[in-house]
Amino acid sequence: MAKGHINIPIFIPHEGCPNRCVFCNQHRISGKSSFDGGSLEAEREAVRKEISEVLATVSEGQEAEVAFFGGSFTGIGRERMCGLLDVAQEFVDGGRVDAIRLSTRPDYIDREILSLLAGYRVKTVELGIQSMEDRVLLAAGRGHTAADSERACRMVCEAGFSLVGQMMTGLPLSEPEDEKRTAEKICAMGASAARIYPTVVFPDTGLDAMARSGDYRPPTLEEAVARTAGALEAFADAGIPVLRIGLHSSESLTTPGSISFGAYHPAMGELVEGELYRRKIEAALKERLGTIRTGTVTVYLPTGELSKGIGQNGRNREWLLRSFSPARLLFRESPALEKYRVAVEIS
């Protein structure tokens, strides 16, 4: 995503979606409730005000997009959807916003919808794919199939929109290899970017009941980090940027009782990226060192990635010292390296 880019998120929890996926409690996830102004015009005015307030904090030259998140935007009533798009378009026409993006379900995409979106400055369509394994989608109560996702991705790309694929790790019946394949398929289906969400169990969801009954075992934090790093690696190897790892931190996610089980961490992205760097460093050292455990090892990381390579609270440094026992371990930045690429030097 371009430097200086900012999304202005407008959350519409549950609106337009008849399905209640086992993991879903959008009010908890977004920290917001639906706009309840009592009329469509009141809702539009509330959205207009929210966009204006965010724009007041945007620096000159920053690229801004209005982003309709939280539900299944293309499934809400047509008058309401167009009214909200009209509000966002006002800011585009006024030169204050560059484009519009939205998130929706694969089964709420068709040619008529895409034609309607093309009449606005919609640039990006994000699809909640979650998994490309039908047994996982069924267990999660998604209400669509992997074939629906393939069809929707193809149509979005053919219509000229940028595609962002959203996926989850740790869903019921899902295995790490399923998640890596899902990431690979999202790349193959034409995504220009992705988001990865490790499963978190919220109260008042089907997944909460499944976890309490023993029908579902939520991954631990360490398991979630490892599995999500596997999906991240698939995107990294394909050159597809991951815009977000884990849920946005909000007050509603940190208050007692807001999460039942699972691997929520406010720095999930940092933990996952650090784990991927640890794997890359380990592979490079094994290739160069074999069983040799002496001398000075210098690990080179991409510029700006030093803290991720060292790991949160130095966890990668400590692991490498324990595992390889070099006489000295150094970390350095190298502008020649691309993100998630490493190099090692032994002296």
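No lab work stands behind these numbers, since they all come straight from the coordinates. Keep in mind that this is a model prediction, so the values were computed, not measured. Backbone-built Cβ (ideal geometry, glycine too); neighbour counts: all protein chains shown.
Worth a mention:
- Considering only ALA188, TYR216, GLY75, the residue lying farthest towards the positive end of the dipole of region 5-266 is TYR216, judged by Cα position with unit charges set on Cβ.
- In a reduced charge model with +1 at each Lys and Arg Cβ and -1 at each Asp and Glu Cβ, region 68-165 shows a dipole moment near 100 debye about its Cα centre.
- Checked against a 30 Å cut-off, the cross-linked pairs LYS123/LYS339; LYS123/LYS280; LYS123/LYS180; LYS49/LYS308; LYS286/LYS339 give Cα-Cα distances beyond that limit for LYS123/LYS280; LYS49/LYS308.
- For the chain: relative contact order, % (alpha-carbon pairs under 8 angstrom, 6 or more apart): 14 percent
- Computed E for ALA267/ASP93 - FRET, C-beta separation, R0 45 angstrom, nearest 0.05: 0.70
- Region 142-168 residues near the modelled ALA118 label - backbone nitrogen below 19 Å, point 7 Å along Cα→Cβ: 151-164
- Selected from ILE310, ILE281, LEU321, residue furthest toward positive end of dipole (region 274-346; charges at beta carbon): LEU321
- Shape call, region 45-155: gyration tensor on alpha carbons, a/c limit 1.5: prolate
- Radius 14 Å from Cβ of PRO218, net charge of other residues (Lys, Arg +1; Asp, Glu -1): -1
- Once the Cα-Cα distance is subtracted from the 0.36 nm per residue extended length, the GLU338 to SER213 segment shows a gain of 40.4 nm.
- Cβ charges +1 (Lys, Arg) and -1 (Asp, Glu), total dipole of the chain, debye: 1080 debye
- Relative contact order for region 20-171, counting Cα pairs under 8 Å that sit 6 or more residues apart, in percent: 22 percent
- Going from the residue with the fewest nearby Cβ atoms within 10 Å to the one with the most, VAL242, VAL122, VAL58, VAL200 rank VAL58, VAL242, VAL122, VAL200.
- Among SER52, SER72, SER149, residue whose mean-square fluctuation peaks in a GNM of the chain (springs only between Cα atoms under 10 Å): SER52
- Between SER39 and ARG78, full extension at 0.36 nm per residue minus the direct alpha carbon distance yields a gain of 12.6 nm.
- Share, in percent, of DSSP beta bridges within region 5-266 that are antiparallel, nearest 5: 5 percent
- In the chain, the DSSP-assigned H stretches of four residues or longer account for a calculated mean residue ellipticity at 222 nm of -12500 deg cm²/dmol, using -39500 (n - 2.57) per stretch and the full residue count as denominator.
- Helical segments meeting 27 Å axial Cα length and Kyte-Doolittle -1.0 threshold in the chain (DSSP H): 268-289
- Once C-alpha pairs closer than 8 Å and six or more residues apart are averaged by separation and normalised to the residue number of region 114-260, the relative contact order reads 24 percent.
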